[in-house]
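Data first, discussion second: the structure below is written as C-alpha coordinates.
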Amino acid sequence: MMFHGDIQRHADVLGEGSFPPEPLGRPAERGAQGRRRSDPALARADDTALMAGVAAGDAAAFAQIVDRHVGALYRVAMRMLGDAQEAEDVVQEAFARVWQQAPRWQPSGAGLVGWLHRVTINLCFDRKRRFRVVLAPELPEQVDEAPLADAAIVAEQARAEVARTLADLPERYRAALVLCYYEGLSNALAAEVLELNIKAMESLLFRARRHMRDLLEKRDVRCLDLVPASTAA
(Lines give C-alpha, C1' and ligand atoms only; values in the text may rest on other atoms or scores of the structure.)
Protein backbone atom coordinates (compact mmCIF):
# COMPACT_ATOMS: atom_id res chain seq x y z
CA MET A 1 0.00 0.00 0.00
CA MET A 2 2.95 2.29 0.18
CA PHE A 3 4.77 3.70 -2.79
CA HIS A 4 8.18 5.30 -3.17
CA GLY A 5 6.72 8.82 -3.21
CA ASP A 6 4.57 8.11 -0.17
CA ILE A 7 7.53 6.82 1.80
CA GLN A 8 9.50 9.94 0.92
CA ARG A 9 6.56 12.09 1.98
CA HIS A 10 6.44 10.33 5.35
CA ALA A 11 10.17 10.70 5.75
CA ASP A 12 9.86 14.44 5.13
CA VAL A 13 6.99 14.80 7.61
CA LEU A 14 8.23 12.49 10.35
CA GLY A 15 11.90 13.34 10.15
CA GLU A 16 14.92 11.51 8.83
CA GLY A 17 15.28 8.00 10.17
CA SER A 18 11.74 7.86 11.54
CA PHE A 19 10.43 5.55 8.83
CA PRO A 20 11.86 2.29 7.49
CA PRO A 21 13.90 2.61 4.31
CA GLU A 22 12.15 -0.09 2.28
CA PRO A 23 8.99 0.98 0.42
CA LEU A 24 6.00 -1.29 0.71
CA GLY A 25 3.83 -2.36 -2.20
CA ARG A 26 0.19 -3.34 -2.32
CA PRO A 27 -0.53 -6.96 -1.34
CA ALA A 28 -1.54 -7.82 -4.89
CA GLU A 29 1.63 -6.29 -6.28
CA ARG A 30 3.81 -8.18 -3.86
CA GLY A 31 1.99 -11.39 -4.74
CA ALA A 32 2.52 -10.87 -8.46
CA GLN A 33 6.18 -9.94 -8.08
CA GLY A 34 6.96 -12.44 -5.35
CA ARG A 35 7.29 -11.76 -1.66
CA ARG A 36 10.44 -10.36 -0.19
CA ARG A 37 12.90 -12.92 1.01
CA SER A 38 12.37 -13.06 4.74
CA ASP A 39 14.28 -14.58 7.58
CA PRO A 40 12.49 -17.82 8.58
CA ALA A 41 13.04 -16.87 12.20
CA LEU A 42 11.17 -13.62 11.63
CA ALA A 43 8.35 -15.46 9.89
CA ARG A 44 7.96 -17.67 12.97
CA ALA A 45 8.23 -14.82 15.47
CA ASP A 46 5.10 -13.58 17.17
CA ASP A 47 3.95 -9.99 16.91
CA THR A 48 5.36 -9.02 20.30
CA ALA A 49 8.84 -10.20 19.34
CA LEU A 50 8.59 -8.42 15.99
CA MET A 51 7.54 -5.18 17.67
CA ALA A 52 10.60 -5.42 19.89
CA GLY A 53 12.68 -5.63 16.72
CA VAL A 54 10.89 -2.63 15.22
CA ALA A 55 11.54 -0.69 18.42
CA ALA A 56 15.25 -1.39 17.86
CA GLY A 57 15.04 -0.09 14.28
CA ASP A 58 14.85 -3.47 12.50
CA ALA A 59 13.27 -2.78 9.10
CA ALA A 60 13.01 -6.53 8.37
CA ALA A 61 10.85 -7.03 11.46
CA PHE A 62 8.71 -4.10 10.36
CA ALA A 63 8.32 -5.60 6.86
CA GLN A 64 7.23 -8.90 8.43
CA ILE A 65 4.53 -7.10 10.43
CA VAL A 66 3.32 -5.36 7.30
CA ASP A 67 3.19 -8.58 5.28
CA ARG A 68 1.29 -10.25 8.11
CA HIS A 69 -1.37 -7.61 8.66
CA VAL A 70 -1.63 -5.34 5.61
CA GLY A 71 -4.34 -7.36 3.85
CA ALA A 72 -6.77 -7.35 6.77
CA LEU A 73 -6.24 -3.66 7.50
CA TYR A 74 -6.77 -2.71 3.87
CA ARG A 75 -10.04 -4.68 3.72
CA VAL A 76 -11.29 -2.93 6.85
CA ALA A 77 -10.31 0.53 5.58
CA MET A 78 -11.79 -0.12 2.14
CA ARG A 79 -15.14 -1.21 3.58
CA MET A 80 -15.18 1.69 5.99
CA LEU A 81 -14.30 4.35 3.41
CA GLY A 82 -15.35 2.89 0.06
CA ASP A 83 -12.39 4.50 -1.69
CA ALA A 84 -9.15 2.71 -2.61
CA GLN A 85 -6.86 5.73 -2.34
CA GLU A 86 -8.31 6.75 1.02
CA ALA A 87 -7.95 3.17 2.26
CA GLU A 88 -4.31 3.04 1.13
CA ASP A 89 -3.58 6.31 2.91
CA VAL A 90 -5.17 5.04 6.13
CA VAL A 91 -3.19 1.80 6.10
CA GLN A 92 -0.01 3.68 5.31
CA GLU A 93 -0.60 5.96 8.28
CA ALA A 94 -1.39 2.99 10.53
CA PHE A 95 1.96 1.37 9.72
CA ALA A 96 3.74 4.70 10.09
CA ARG A 97 2.42 4.72 13.64
CA VAL A 98 3.74 1.20 14.18
CA TRP A 99 7.23 2.43 13.32
CA GLN A 100 6.90 5.60 15.38
CA GLN A 101 5.29 4.10 18.47
CA ALA A 102 7.09 0.75 18.63
CA PRO A 103 9.49 1.90 21.38
CA ARG A 104 6.50 2.78 23.59
CA TRP A 105 4.18 -0.05 22.53
CA GLN A 106 3.28 -2.64 25.18
CA PRO A 107 1.30 -5.83 24.50
CA SER A 108 -2.11 -5.93 26.14
CA GLY A 109 -5.48 -7.50 25.49
CA ALA A 110 -5.64 -8.68 21.89
CA GLY A 111 -2.05 -7.58 21.29
CA LEU A 112 -0.90 -6.03 18.05
CA VAL A 113 -3.94 -7.26 16.08
CA GLY A 114 -6.32 -5.33 18.31
CA TRP A 115 -4.07 -2.28 18.41
CA LEU A 116 -3.68 -2.16 14.62
CA HIS A 117 -7.40 -2.54 14.00
CA ARG A 118 -8.18 0.16 16.57
CA VAL A 119 -5.71 2.57 14.95
CA THR A 120 -7.12 1.80 11.49
CA ILE A 121 -10.75 2.22 12.54
CA ASN A 122 -10.00 5.50 14.31
CA LEU A 123 -8.15 6.82 11.27
CA CYS A 124 -11.18 5.91 9.15
CA PHE A 125 -13.46 7.75 11.58
CA ASP A 126 -11.20 10.82 11.31
CA ARG A 127 -11.33 10.79 7.52
CA LYS A 128 -15.11 10.39 7.42
CA ARG A 129 -15.50 13.36 9.75
CA ARG A 130 -13.65 15.59 7.31
CA PHE A 131 -16.67 15.32 5.00
CA ARG A 132 -14.36 14.83 2.09
CA VAL A 133 -16.29 14.13 -1.12
CA VAL A 134 -14.58 11.97 -3.72
CA LEU A 135 -16.24 12.03 -7.11
CA ALA A 136 -15.54 8.82 -8.99
CA PRO A 137 -15.81 8.81 -12.76
CA GLU A 138 -18.67 6.80 -14.15
CA LEU A 139 -17.55 3.44 -15.40
CA PRO A 140 -18.49 2.59 -18.98
CA GLU A 141 -20.95 -0.21 -19.35
CA GLN A 142 -19.34 -3.42 -20.52
CA VAL A 143 -21.12 -5.23 -23.27
CA ASP A 144 -21.27 -8.95 -22.64
CA GLU A 145 -22.95 -10.90 -25.37
CA ALA A 146 -23.00 -14.11 -23.34
CA PRO A 147 -26.43 -14.79 -21.81
CA LEU A 148 -26.54 -14.39 -18.03
CA ALA A 149 -29.01 -16.16 -15.77
CA ASP A 150 -31.55 -13.87 -14.14
CA ALA A 151 -30.57 -15.15 -10.69
CA ALA A 152 -26.94 -14.15 -11.24
CA ILE A 153 -27.96 -10.66 -12.33
CA VAL A 154 -30.23 -10.24 -9.32
CA ALA A 155 -27.50 -11.50 -6.97
CA GLU A 156 -24.94 -9.07 -8.38
CA GLN A 157 -27.36 -6.17 -8.09
CA ALA A 158 -28.19 -7.19 -4.53
CA ARG A 159 -24.52 -7.40 -3.53
CA ALA A 160 -23.94 -3.92 -4.95
CA GLU A 161 -26.92 -2.62 -2.99
CA VAL A 162 -25.59 -4.23 0.20
CA ALA A 163 -22.24 -2.46 -0.33
CA ARG A 164 -24.04 0.87 -0.80
CA THR A 165 -26.17 0.23 2.26
CA LEU A 166 -23.10 -0.56 4.36
CA ALA A 167 -21.59 2.75 3.26
CA ASP A 168 -24.76 4.58 4.34
CA LEU A 169 -24.69 3.23 7.91
CA PRO A 170 -23.52 5.40 10.81
CA GLU A 171 -19.79 4.93 11.17
CA ARG A 172 -19.84 2.88 14.38
CA TYR A 173 -22.54 0.58 13.02
CA ARG A 174 -20.44 0.09 9.90
CA ALA A 175 -17.32 -0.56 11.98
CA ALA A 176 -19.08 -3.19 14.09
CA LEU A 177 -20.38 -5.08 11.04
CA VAL A 178 -17.08 -4.85 9.17
CA LEU A 179 -15.09 -6.19 12.11
CA CYS A 180 -17.45 -8.96 13.18
CA TYR A 181 -19.09 -10.10 9.94
CA TYR A 182 -16.67 -9.24 7.17
CA GLU A 183 -13.41 -9.80 9.05
CA GLY A 184 -14.70 -12.45 11.45
CA LEU A 185 -13.36 -10.89 14.65
CA SER A 186 -14.90 -12.16 17.85
CA ASN A 187 -17.25 -9.86 19.72
CA ALA A 188 -14.65 -9.59 22.48
CA LEU A 189 -11.88 -8.53 20.09
CA ALA A 190 -14.16 -6.11 18.23
CA ALA A 191 -15.18 -4.65 21.58
CA GLU A 192 -11.52 -4.03 22.41
CA VAL A 193 -10.92 -2.41 19.02
CA LEU A 194 -13.91 -0.08 19.47
CA GLU A 195 -13.08 0.44 23.16
CA LEU A 196 -16.40 -0.93 24.40
CA ASN A 197 -17.36 -3.51 26.99
CA ILE A 198 -18.79 -6.76 25.66
CA LYS A 199 -22.40 -5.91 26.46
CA ALA A 200 -22.13 -2.55 24.72
CA MET A 201 -20.55 -4.30 21.73
CA GLU A 202 -23.38 -6.82 21.52
CA SER A 203 -25.92 -4.01 21.75
CA LEU A 204 -24.11 -2.08 19.00
CA LEU A 205 -24.10 -5.16 16.76
CA PHE A 206 -27.81 -5.74 17.35
CA ARG A 207 -28.66 -2.15 16.46
CA ALA A 208 -26.33 -2.21 13.44
CA ARG A 209 -27.91 -5.41 12.09
CA ARG A 210 -31.42 -4.06 12.60
CA HIS A 211 -30.59 -0.73 10.97
CA MET A 212 -28.99 -2.40 7.96
CA ARG A 213 -31.89 -4.82 7.63
CA ASP A 214 -34.35 -1.91 7.68
CA LEU A 215 -32.40 -0.07 4.99
CA LEU A 216 -32.19 -3.18 2.83
CA GLU A 217 -35.92 -3.80 3.16
CA LYS A 218 -36.62 -0.23 2.03
CA ARG A 219 -34.43 -0.94 -1.00
CA ASP A 220 -36.25 -4.20 -1.75
CA VAL A 221 -33.19 -6.40 -1.14
CA ARG A 222 -33.96 -9.82 0.31
CA CYS A 223 -31.57 -12.43 1.69
CA LEU A 224 -32.63 -14.77 -1.09
CA ASP A 225 -31.28 -12.27 -3.62
CA LEU A 226 -27.77 -12.70 -2.23
CA VAL A 227 -27.01 -16.18 -3.53
CA PRO A 228 -23.51 -16.43 -5.04
CA ALA A 229 -23.51 -15.87 -8.78
CA SER A 230 -21.55 -19.09 -9.25
CA THR A 231 -24.49 -21.11 -7.95
CA ALA A 232 -26.96 -19.66 -10.41
CA ALA A 233 -28.03 -22.02 -13.14
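The values are calculated or read from the model by the stated rules, or taken from the named source; none is laboratory data. Source: prediction; values computed, not measured. Here the Cβ positions follow ideal geometry from the backbone for every residue, glycine too, while neighbour counts run over all protein chains shown.
Figures for the structure shown
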read-out: Tally of residues being modelled with pLDDT of 90 or more and part of a helix (DSSP H, G or I) across region 17-61; value: 12
read-out: Residues of region 95-117 that turn out to be within 21 Å of L196 (Cα to Cα) and in contact (Cβ under 8 Å) with a residue 12 or more places away in the chain, as a count; value: 10
read-out: Top-ranked residue in region 59-86 [being of a type in the set (A, V, I, L, M) and without any contact (Cβ under 8 Å) to a residue 40 or more places away in the chain; ranked as surrounded by the most Cβ atoms within 10 Å (Cβ to Cβ)]; value: A61
read-out: Matching helices (runs of 4 or more DSSP H) fully within region 84-188 where at least 1 residues are of a type in the set (V, I, T) and modelled with pLDDT of 70 or more; value: 84-101, 111-129, 150-168
